[in-house]
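Accompanying notes for the structure given below.
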Amino acid sequence: MRLVLASKSITRRSIMDSLKIKYDVVTSDAEENYKSEDPRKYVEELSLIKAKAVAEKIDREDVVIIAADSIIYKDGKKYEKPHSIEEVIANLKELSNSVNQGITGVTIVDKLGGKTLTFSCITDVKFKVIDEEDIKWYIEHEDHLLDKAGYSLEGTMSLFVDKIDGDYYNVLGLPLGKIYTSIKELGYELKDFN
């Protein structure tokens, strides 16, 4: 069996690499224009759009595709990839000293079995006070600031976290525990992809 990650995310690839299993990357070029106000439905639908687009690109049948989409959510607002450093700064000010949610939608397509599973996971993240100096320091020391939905808990942002309730990897964009359980539900083991 071939395992395919439908993502160009550096963080998701890094997470997959840590599992020491063989996988390929095929990115989706699909229009991501789903507009649901419900954050869980929003990320689930976007992951489904990505997974279907990648499934159509792959000719072979012995493939399991994993697609994901993530947002940070707080008080009815979705925090996605920022468009500017100014937006990063404004977002950090809004997230300071509060609880936000990392929400990731995942779709797993088993082409051979003809099955598709879509789900989402939520992790609560409580931030300490992030003052002006902290924000300045973060901007100067964090790489790929405009490539992350809201923030990444890796690296310098981890200094501002007070508490995490839920799956840490979910906030990074790939809830491994739930993905593993779902792959087993489809009848596969990780050794099937080596």
Legend entry - Taking the chain and dividing mean pair separation by its residue count, relative contact order in percent (alpha carbons under 8 Å, at least six apart): 23
Legend entry - Over the chain - Rg/Rh using Cα atoms and the Kirkwood inverse-distance radius: 0.99
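Return the percentage of antiparallel bridges among DSSP beta bridges fully within the chain, rounded to the nearest 5 %.
Within the chain, antiparallel bridges account for around 85 percent of the total.
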Legend entry - Neighbour-count order for R40, R12, fewest beta carbons within 10 angstrom listed first: R40, R12
Inset, instruction - Would you mind calculating the gained length between D143 and L176 on full extension (0.36 nm times residue separation, minus the Cα-Cα distance), in nm to one decimal? - result: 9.5 nm
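Under unit Cβ charges (Lys, Arg +1; Asp, Glu -1), what dipole magnitude, rounded to 20 debye, does the range 2-193 have relative to its Cα centre?
620
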Inset, instruction - Within 10 Å of each residue's Cβ, count the other Cβ atoms and sort K78, K163 from fewest upward. - result: K163, K78
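Throughout, read-outs are computed from the coordinates displayed, never taken from laboratory work. Just so you know, these numbers come straight off a predicted model, no measurement behind them. No Cβ is skipped: glycine too gets one built from the backbone with ideal geometry, and neighbour counts run over all protein chains shown.
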